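Q: A single structure is presented below for examination.
Values quoted throughout were computed directly from the atomic coordinates according to the rules given, and no laboratory measurement underlies them. Keep in mind the model is a prediction, meaning the values are calculated, not measured. Glycine gets a Cβ as well: all are built from the backbone with ideal geometry, and neighbour counts include every protein chain shown.
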Amino acid sequence: MSQACTMNKCTRTLRGLCDCCQQNLCLQHLNEHNIELISQLNPLTDEINILGDRLETLNIQKIIAIEREKLEQWRQDCYKKIDLFFEQKCQELDQFVNERIDQQRQELKRIQLKISELINAQETTRHDIDSLTSTIRQLERRFKNIEEKCVTIHTRPLLIDGTLVSLEKTIQLELDLSTLSSVYRTIHYLKGSFISLTCNDRYLLIHQHPNLCLLDRELNIVKQTLWSYSEIWDMCWSSELDRFIVLGKNNIYLINENTMSIDNVHKIERRTWASCTCSDTVLFASTNERASSIMEFALFPTIKLRREWKYPVTCTKDEFISDIVYNNGNLALMI
Ligand SMILES: [Zn+2]
Ligand SMILES: [Zn+2]
């Protein structure tokens, strides 16, 4: 006997699985669901058209105006600075030329006085005459000099450094949590596996009991190696070391994604680890205890403990740090 449509009270023979509701339906109900699905396209068209209109009528001038005003203010300030500088140099020039002429005026007066003294006394020597003549010639030359060129202005073009004005572009958030896709792939959790996971831009690193596994984007196991060490508390990726970092109970391990080799690079005494994260140059690892500490390790040239951040900097005496994440110069702590 053929099976019936799964819709309530429908007795017609089922003809196929409906894509929209994942139910087995008869032809009529399949058609109805199909029409219903197609009808949902219309409101979507309306929405995208509204967004299109909004983009077209966007007031670009208004978006530009506020920042443009800042640029304009900067221009005015620059002009003011140039004007002020120009005025200073004009004053220097005036002062210099006037002083120079004043000097000649003094010299001229001195000689006039000398000549009139000699005339009044009705007495002079050949030496006086020669000396005065020479001084007058000298004055003549100086006057000519002043008339022709007593000062020269040298200028260099104003160099405008492109970094004087820079545009900081607002980054559009790529990840919108409201539009996360539905489940892409699922991988079964094997009993006894540790729950930490991390990734680089090629692989996802997880523990699938009893192995440490690298998975590709399709969640296929690409490489694996037996994990025969203590429990895993956390993992992170260091692009600088080009290694995965695995935090064991007391130890820090480096995993080479090419060879899947495991190197034990640090052992902590009498305490245990909780979580880890990496910057370009530093590995941070928190301790699993009340009043948790954060240990800061240099990554180069070898992994080496640099300092311990203790409570009350990290948390209070009664608190635990359960996870830490480094991003963009900040360390976020979940306490
Ligand atoms: Zn359906
Ligand atoms: Zn039906």
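Q: Taking amide H positions as placed in the peptide plane 1.01 Å from N, state which residues far from Gly248 in sequence (5 or more) or on other chains have amide H under 5 Å from it.
A: Trp233, Tyr253
Q: Among Cys20, Cys276, Cys90, which one moves the most in a GNM of the chain with springs linking Cα atoms closer than 10 Å?
A: Checking each option, the largest mean-square fluctuation is seen for Cys20.
Q: Going by amide H atoms built from the backbone, whose H comes under 5 Å of the H on Glu257, apart from near neighbours?
A: Amide H neighbours of Glu257, under 5 Å, 5+ apart: Phe244.
Q: Mind checking which of Asn31, Asn145, Asn49 has the largest fluctuation in a GNM of the chain, springs on alpha carbons under 10 Å?
A: Top of the fluctuation ranking is Asn31.
Q: Residue-wise, which Karplus ³J(HN,Hα) couplings in Hz belong to segment 330-335, taking 6.51 cos²θ - 1.76 cosθ + 1.60, θ = phi - 60°, and x for glycine or proline?
A: Karplus values, whole Hz, x for Gly and Pro: 10, 10, 9, 10, 9, 10.
Q: Another question, if that's okay. Reachable aspartates and glutamates from Lys109, Cα under 17 Å, same-chain residues fewer than 8 places away excluded?
A: Within reach: Glu99, Glu117, Asp128, Glu140.
Q: A further question on this structure: Mind sorting His127, His207 by how few other Cβ atoms lie within 10 Å of their own Cβ, fewest first?
A: Fewest-to-most Cβ neighbours within 10 Å comes out as His127, His207.
Q: Quick one: 3J(HN,Hα) in Hz for segment 30-43, Karplus 6.51/-1.76/1.60 with θ = phi - 60°, rounded, Gly and Pro as x.
A: Ordered by residue, 3J(HN,Hα) equals 4, 4, 4, 5, 5, 5, 4, 5, 5, 5, 6, 5, 4, x Hz.
Q: Also, I was wondering about something else. Regarding the chain, what whole-number volume in Å³ per residue does the convex hull of its Cα atoms give?
A: With only Cα atoms used, the chain gives 380 Å³ per residue.
Q: Working out 0.36 nm times the residue gap between Leu58 and Phe143, then minus their Cα-Cα distance, what length gain in nm do you get to one decimal?
A: So the extension gain works out to 23.6 nm.
Q: Which loop-located GluC sites (Glu not before Pro) does segment 49-155 contain, where loop means any DSSP state but H, G, I, E or B and the Cβ has at most 10 other Cβ atoms within 10 Å?
A: Sites meeting the loop and neighbour criteria: Glu123.
Q: Right, next: Can you sort Glu296, Glu269 by how many other beta carbons sit within 10 Å, fewest first?
A: Listing Glu296, Glu269 from fewest to most nearby Cβ atoms yields Glu269, Glu296.
Q: Determine the relative contact order of the chain: mean sequence separation of Cα pairs under 8 Å and six or more apart, normalised by residue count, in whole percent.
A: After rounding, I find 6 percent.
Q: In whole Hz, what ³J(HN,Hα) sequence does segment 153-170 give by Karplus (6.51, -1.76, 1.60; θ = phi - 60°), x for Gly and Pro?
A: Result, rounded to whole Hz: 9, 10, 10, 10, x, 6, 8, 9, 6, x, 7, 4, 10, 10, 9, 8, 7, 5.
Q: Among the lysines, which have Cα under 28 Å from the Cα of Lys62 when same-chain residues fewer than 8 positions away are ignored?
A: Once the sequence-local lysines are set aside, what remains near Lys62 is Lys70, Lys80, Lys169.
Q: Which one, Glu231, Glu36, Glu168, has the greatest fluctuation when you compute a Gaussian network model over the chain with C-alpha springs under 10 angstrom?
A: Evaluated over the chain, the most mobile residue of the options is Glu36.
Q: Calculate the spin-label point distance for Cys90 paired with Leu305, positioning each point 7 Å from the Cα along the beta-carbon direction, and give it in nanometres.
A: My value for the distance between the label points is 7.1 nm.
Q: If amide H atoms are built 1.01 Å from N in the plane of the peptide, which residues on other chains or at least 5 residues away come under 5 Å of the amide H of Asn288?
A: Here the answer is Thr272, Trp273, Ala274, since their amide H atoms fall under 5 Å of that of Asn288.
Q: Here's something else I'd like to know. Which value at 222 nm does the chain reach when only helices count, each DSSP H run of 4 or more adding -39,500 (n - 2.57), with the total divided by all residues and rounded to the nearest 500 deg cm²/dmol?
A: -12500 deg cm²/dmol
Q: Next question, about the same structure. Going by how many other Cβ atoms sit within 10 Å of their own, how do Leu25, Leu254 line up, fewest first?
A: Taking fewest neighbouring Cβ atoms as first place, the list is Leu254, Leu25.
Q: Mind checking the full-extension length gain between Tyr184 and Arg202? Use 0.36 nm per residue of separation minus the Cα-Cα distance, one decimal, nm.
A: 4.8 nm
Q: Sticking with this one: Taking chymotrypsin sites (Phe, Trp or Tyr not before Pro) as candidate sites, keep only those in a DSSP loop with at most 13 other Cβ atoms within 10 Å, then name the longest stretch of the chain containing none of them.
A: 1-183
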